[in-house]
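To start, the structure itself, in structure tokens.
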Amino acid sequence: MGATKKAKEKKATKKSAPFGELLRCPPGPVDLSGFDPAATPGALEGKSATREAMAGLGQRVAELQEQLYACAQVDGDRRRVLLVLQGMDTSGKGGVVKHVVGELNPYGCQVKSFKAPTKEELSHDFLWRIRNALPHPGHLGVFDRSHYEDVLIARVRELVPRQVWSRRYGTINRFEERLAADGCTVVKCFLHISSEKQKERLTARLEDPTKHWKYNPQDVEERLLWGDYQEAYGAALEKCNTKAAPWFVIPSDRKWYRNYAIMMLLLEVFEGLDPRWPPGDFDLATEKARVAGS
């Protein structure tokens, strides 16, 4: 292998600052206009190199997740991971599920998409349906939208009085702190896109018949409230950015970077959990002999 090629490979695999540090939402008031939705912090040498790295990263995360699953099955390990995906329409929540979570073993993943609450769900407190969808020990749970809808659309659309939704921030913090104490690592990702990029993606859906099923006329109504939603997201990121469950702001104008960033976040989380394959409760030599002679 030539020196030039070796140098390129070394540069492509060089580790930057942890993504958890690069993308973590800073404490204090949040003005989303100060975050560049087209940024690519920590990316490799361009789009192609980053995409090429995804397969290997997916395999590594899948292996770690399977080890965590094995620990839960054999040792009763209660640890699990919850990936929360929030963002404006077209920000790519479904794309993350397909291109990031899709790289993992489906037996160890639980994906839940939260739509408008049903009549039964509305008869309970706003966290009831969330509790019912939490990941089991050893699993990666994924929420496409989440309990944060109750301080986002509920706030913007005035679905409940201000005194109701304003109390929910504290309720959410206490809920997530209990999850963390019970062994659930909560990874909250705000998929940050620009208004221009959303318009471009909505237009693309209208121009492509294979994407018409994705288009919802209500999306335009929500788009007209862009400023209100940015303010509501800023408040959620500020008020619920805790040590137990921090927020990460994922620049999402570039789909390839969005997917890479979240894959790297998951890799860092699972490496931090450091699961190990549980040993068998049998004598290996004896069992090999028994299988050979069977």
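The values are calculated or read from the model by the stated rules, or taken from the named source; none is laboratory data. Predicted model only: the values in this text are computed from it and were never measured. Cβ coordinates were reconstructed from backbone atoms using ideal geometry, including for glycine residues, and neighbour counts include every protein chain displayed. The protein model used for the area step is the full one, side chains on, heavy atoms only, and it has no ligands, DNA or RNA in it. Shrake-Rupley method; radii C 1.70, N 1.55, O 1.52, S 1.80 Å.
All but one of (1) in contact with a Ser or Thr (Cβ under 8 Å, 6 or more places away or on another chain); (2) closer than 30 Å to D75 by Cα; (3) modelled with pLDDT under 95 hold for D219; state the number of the condition that does not hold.
Failing condition for D219: (2).
So which residues in segment 125-144 are open to solvent by 10 Å² or more (accessible area, probe 1.4 Å), under 25 Å from L68 (Cα atoms) and touching a residue at least 40 places away in the same chain (Cβ under 8 Å), if there are any at all?
L134, H136, P137, H139, D144
Out of all the residues in segment 251-274, is one or more outside any helix (DSSP H, G or I), among the hydrophobic types (A, V, I, L, M, F, W, C) and modelled with pLDDT of 95 or more?
No, the conditions are met nowhere in segment 251-274.
Enumerate the pairs (first residue in segment 201-212 and under 17 Å from G95 (Cα atoms); second residue anywhere and in a helix (DSSP H, G or I) and open to solvent by less than 60 Å² (accessible area, probe 1.4 Å)) with beta-carbon separation below 6 Å, excluding pairs fewer than 6 apart on the same chain, so at least 6 apart or on different chains.
K211/R205
Across segment 99-118, what is the total count of residues that are modelled with pLDDT under 95 and basic (K, R)?
1
Identify the residue in segment 147-174 that is basic (K, R) and more than 21 Å from E221 (Cα to Cα) and, among all such residues, is least open to solvent (accessible area, probe 1.4 Å).
It comes out as R168.
Against the condition of a type in the set (S, T, N, Q), buried (at least 17 other Cβ atoms within 10 Å of the Cβ) and under 30 Å from W226 (Cα atoms), how does Q65 come out, does it pass?
Considered against the rule, which asks whether it is of a type in the set (S, T, N, Q), buried (at least 17 other Cβ atoms within 10 Å of the Cβ) and under 30 Å from W226 (Cα atoms), Q65 comes out as no.
Determine whether V101 is open to solvent by less than 30 Å² (accessible area, probe 1.4 Å), out of contact with any Leu (no Cβ under 6 Å at 6 or more places or on another chain) and over 30 Å from D228 (Cα atoms).
For V101, the condition - open to solvent by less than 30 Å² (accessible area, probe 1.4 Å), out of contact with any Leu (no Cβ under 6 Å at 6 or more places or on another chain) and over 30 Å from D228 (Cα atoms) - is met.
Take the residues in segment 104-124 that are under 15 Å from the mean Cα position of the chain (by Cα) and buried (at least 20 other Cβ atoms within 10 Å of the Cβ), then tell me which one is nearest to C184 (Cα to Cα).
C109
Residue-wise test of (1) in contact with a strand residue (DSSP E or B) (Cβ under 9 Å, 6 or more places away or on another chain); (2) among the charged types (D, E, K, R).
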| residue | (1), (2) |
| --- | --- |
| K188 | yes, yes |
| L206 | no, no |
| T210 | no, no |
| N216 | no, no |
| R223 | no, yes |
| W226 | no, no |
| Q230 | no, no |
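Cβ contacts < 8 Å: first residue surrounded by fewer than 24 Cβ atoms within 10 Å (Cβ to Cβ), restricted to segment 76-94; second residue of a type in the set (D, E) and assigned to a loop (DSSP other than H, G, I, E, B), any location; separation 6+ or different chain. Result?
Listed pairs, sorted by first residue: R78/D182.
Report the residue count in segment 277-294 for those that are surrounded by fewer than 11 Cβ atoms within 10 Å (Cβ to Cβ) and part of a loop (DSSP other than H, G, I, E, B).
Total meeting the criteria: 7.
Considering only residues of segment 221-250 that are open to solvent by less than 10 Å² (accessible area, probe 1.4 Å) and part of a loop (DSSP other than H, G, I, E, B), which is nearest to V96 (Cα to Cα)?
Ranking the candidates gives A245 first.
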